1. Sorted from fewest to most neighbouring beta carbons within 10 Å, what does the list Met242, Met277 look like?
2. Based only on other Cβ atoms within 10 Å, what is the fewest-to-most ordering of His107, His159?
3. Would you compute, from DSSP H runs of 4+ residues alone, the mean residue ellipticity of the chain at 222 nm, taking -39500 (n - 2.57) per run and dividing by the full residue count, rounded to the nearest 500?
4. Mean-square fluctuation check for the chain, GNM, Cα pairs under 10 Å: which of Leu158, Leu103, Leu14 is largest?
5. May I ask which residue of Tyr7, Leu74, Val115 lies farthest towards the positive end of the charge dipole of the chain, with charges of +1 (Lys, Arg) and -1 (Asp, Glu) on Cβ and the Cα centre as origin?
6. Order by neighbour count: Thr97, Thr39, Thr15, fewest other Cβ atoms within 10 Å first, most last.
7. Quick check: pseudo-label points 7 Å beyond the Cα along Cα→Cβ at Asp218 and Asn2, how many nm apart are they?
8. In terms of modelled amide H atoms, which long-range or inter-chain residues lie less than 5 Å from the amide H of Val86?
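We did not get these values from a lab; they are worked out from the coordinates using the rules stated. The structure presented is a predicted model; accordingly, all values stated were derived computationally and were not measured. For neighbour counting, all protein chains shown are included, and Cβ atoms are generated from backbone atoms with ideal geometry for every residue, glycine included.
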Amino acid sequence: MNAYSAYRDAVKTLTESGCENAEFDARQLVEFCFSLNQTQLLMKSRENVDELKLKKFYDCVERRAGGEPLQYILEEWDFFDLKFKVGKGVLIPRPETEILPRLAIEHLKKSGGKVVYDLCSGSGCVGISIAKFFPNCRVYMFEISDEANYYARQNIKLHNLFNVEIIQADIKKGKKSFNIPNPDIIVSNPPYVPTYDIDLLQKEVLFEPRIALDGGIDGLDFYSIIAASWFKSLNNNGIIAMECGENQVRGVLSFFLNIAAGGRVIKDDNDIDRVIMLKGRKKND
């Protein structure tokens, strides 16, 4: 069989399975299994492909048709113009989260800050992006999950970074137990899906680790922890930037009303309030 026939089979299978982007996903799997981009696929449409590669391709199509995220099958995904290794046990990087490293890098350039905390760091996509594009900083990534830290270590190695440190820890216990410098900026994409909403998510999302999704009854548990145990550790002129879910801004801000010195809300590309950036108070305030 040739690659183009296999591609058309995949589009049909994925469409019938309810895959929203069947043609895109099929093209990605063609490139992953056959090393053919879209142009090469058309140019070599009549050439037969290796049987082992063909079997791998149909196995991948079956996995995708069963709801497994494309990113897990490809074993990597793009984020902030970088590639990150991902797989079962780690949250998949998403475009809206790119707001966090962008804000962090802008702040570091303006303020001269050098220390960054990435709370609930997962694959490390946020912290590593900051460290890669602002090499003068030191990034401490806090994550409790063994599986997520496995991928974070791979991604640090992939990008050849020496200014990133993983701290395997439960952020619920606060910062006091860590002998590290205070941060100039804290970034976080914490779990923020309300517990009882998780089972209503798309089947692809349900493949992702529950620990990275479940934000408690109202989805706000981790913001309360960050406000109580981490925010006051910011150095003077420091900021915090946190991703949140749709319609959660007011709830998140309620934890910071008496401790923050102002800030702003940033919308994502879908015009949804997505990131809250807040300024820390000066230590003598």
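1. Numbers: Met242 26, Met277 21.
Going from sparsest to densest Cβ surroundings: Met277, Met242.
2. Working: His107 22, His159 16.
Ascending Cβ contact count within 10 Å gives the list His159, His107.
3. Values: 10 runs with 103 residues, N = 285.
My calculation for the chain gives -10500 deg cm²/dmol from helical runs alone.
4. Ranking Leu158, Leu103, Leu14 by mean-square fluctuation puts Leu158 first.
5. Val115
6. On the way: Thr97 22, Thr39 8, Thr15 16.
Fewest-to-most Cβ neighbours within 10 Å comes out as Thr39, Thr15, Thr97.
7. Here the modelled spin labels are 6.1 nm apart.
8. Answer set, sorted by chain and number: Glu76, Trp77.
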